[in-house]
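Report on the structure given below.
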């Protein structure tokens, strides 16, 4: 099955996707067995050879390209090669409206002073977060991905940071409990 998809990325992210001497583009192509055709305007065409045994890799390539387009570094975007890793993109414009000042205010709440809020969410939920333009994107595994999304939703709705931090601590305990149960259930 031949996979072919064209997506648009911001023009200022083209250089990041290509990388120095094409290094990032080549790395994505190698890991996903795809071909990326990238033009200077931000149009990216992803194809894979017909003889590919794993068509899921083309979807991974697509998500890696989308993550880089949404502000993630290539190193962070490549976490999506992991089978359990997922990408969520939240449109702030769809939630708070198109007012630039509202979007900036909400983005600032998510980032926090000197990046503290974003860093706390990432550490507790074991995710990666990018606030770029009118979007907030999260890379992670379940359940951390869900917990990070809930924390970001709380911040968007205007919950005080202290309330979000308290909720994150209970989420951390829940994640630890879930991981402990997995270890107990796994056969030796």
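The values are calculated or read from the model by the stated rules, or taken from the named source; none is laboratory data. Bear in mind the structure is a predicted one, so any value in this text is a computation, not a measurement. With ideal geometry, Cβ positions are generated from the backbone for all residues, glycine too; neighbour counts draw on all protein chains shown.
Could you identify the single residue in 81, 88, 68, 64 that is over 21 Å from residue 132 (Cα atoms) and modelled with pLDDT of 95 or more? Full working, then the answer.
On the way: 88 fails: over 21 Å from residue 132 (Cα atoms); 68 fails: over 21 Å from residue 132 (Cα atoms); 64 fails: over 21 Å from residue 132 (Cα atoms).
The conditions single out 81.
Considering only the range 80-111, state which residues are closer than 18 Å to residue 36 by Cβ and surrounded by fewer than 19 Cβ atoms within 10 Å (Cβ to Cβ). Explain how you work it out, then say what you get.
If we filter the range 80-111 for residues that are closer than 18 Å to residue 36 by Cβ, which is where we start, we get 80-81, 87.
Within the range 80-111, 81 is the sole residue that qualifies.
Let's see how each residue does on (1) assigned by TED's automatic domain parsing to the domain that holds residue 129; (2) touching a helix residue (DSSP H, G or I) at 6+ places or on another chain (Cβ under 9 Å); (3) modelled with pLDDT of 95 or more:
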{"site": "12", "(1), (2), (3)": "no, no, yes"}
{"site": "18", "(1), (2), (3)": "no, yes, yes"}
{"site": "32", "(1), (2), (3)": "no, yes, no"}
{"site": "51", "(1), (2), (3)": "no, no, no"}
{"site": "101", "(1), (2), (3)": "yes, no, yes"}
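Looking for whichever is assigned to a helix (DSSP H, G or I) and on the phi < 0 side of the Ramachandran plot here; the options are 131, 164. Which one fits?
Working: 131 fails: assigned to a helix (DSSP H, G or I).
Just one listed residue meets the conditions, 164.
Being surrounded by fewer than 22 Cβ atoms within 10 Å (Cβ to Cβ) and in contact with a helix residue (DSSP H, G or I) (Cβ under 6 Å, 6 or more places away or on another chain) is the filter here, so list the residues in the range 54-73 that pass it.
Answer for the range 54-73, where residues must be surrounded by fewer than 22 Cβ atoms within 10 Å (Cβ to Cβ) and in contact with a helix residue (DSSP H, G or I) (Cβ under 6 Å, 6 or more places away or on another chain): 57, 63.
Within the range 116-128, can you find the residues that are assigned to a helix (DSSP H, G or I) and either out of contact with any strand residue (DSSP E or B) (no Cβ under 7 Å at 6 or more places or on another chain) or without any contact (Cβ under 8 Å) to a residue 40 or more places away in the chain (or both)?
Step one: list which residues in the range 116-128 are assigned to a helix (DSSP H, G or I), which gives 116-125.
The answer is 116, 117, 118, 119, 120, 122, 123, 124.
Specify the residue that is nearest to residue 155 (Cα to Cα); the eligible residues are those in the range 82-115 that are free of Cβ contacts under 8 Å to residues at least 60 places away in the same chain and within 12 Å of the chain's Cα centre (by Cα). Show your work before the answer.
Step one: of the range 82-115, the residues free of Cβ contacts under 8 Å to residues at least 60 places away in the same chain are 82-87, 89, 91, 93-94, 97-115.
Still in the list and also within 12 Å of the chain's Cα centre (by Cα): 85-87, 89.
Values: 85: 23, 86: 21, 87: 19, 89: 16 Å.
It comes out as 89.
Could we say that residue 144 is modelled with pLDDT under 95, in contact with a helix residue (DSSP H, G or I) (Cβ under 7 Å, 6 or more places away or on another chain) and not assigned by TED's automatic domain parsing to the domain that holds residue 17 here? It would help to see each step written out before you state the result.
Values: modelled with pLDDT under 95: yes; in contact with a helix residue (DSSP H, G or I) (Cβ under 7 Å, 6 or more places away or on another chain): yes; not assigned by TED's automatic domain parsing to the domain that holds residue 17: yes.
So residue 144 passes the test.
Take the conditions touching a helix residue (DSSP H, G or I) at 6+ places or on another chain (Cβ under 9 Å) and either surrounded by fewer than 16 Cβ atoms within 10 Å (Cβ to Cβ) or within 20 Å of residue 18 (Cβ to Cβ) (or both) and apply them to residue 114. Does it pass?
Details: touching a helix residue (DSSP H, G or I) at 6+ places or on another chain (Cβ under 9 Å): no; either surrounded by fewer than 16 Cβ atoms within 10 Å (Cβ to Cβ) or within 20 Å of residue 18 (Cβ to Cβ) (or both): yes.
No, not satisfied.
For the range 1-53, enumerate the residues that are in contact (Cβ under 8 Å) with a residue 60 or more places away in the chain and crowded, with 16+ Cβ neighbours inside 10 Å.
9
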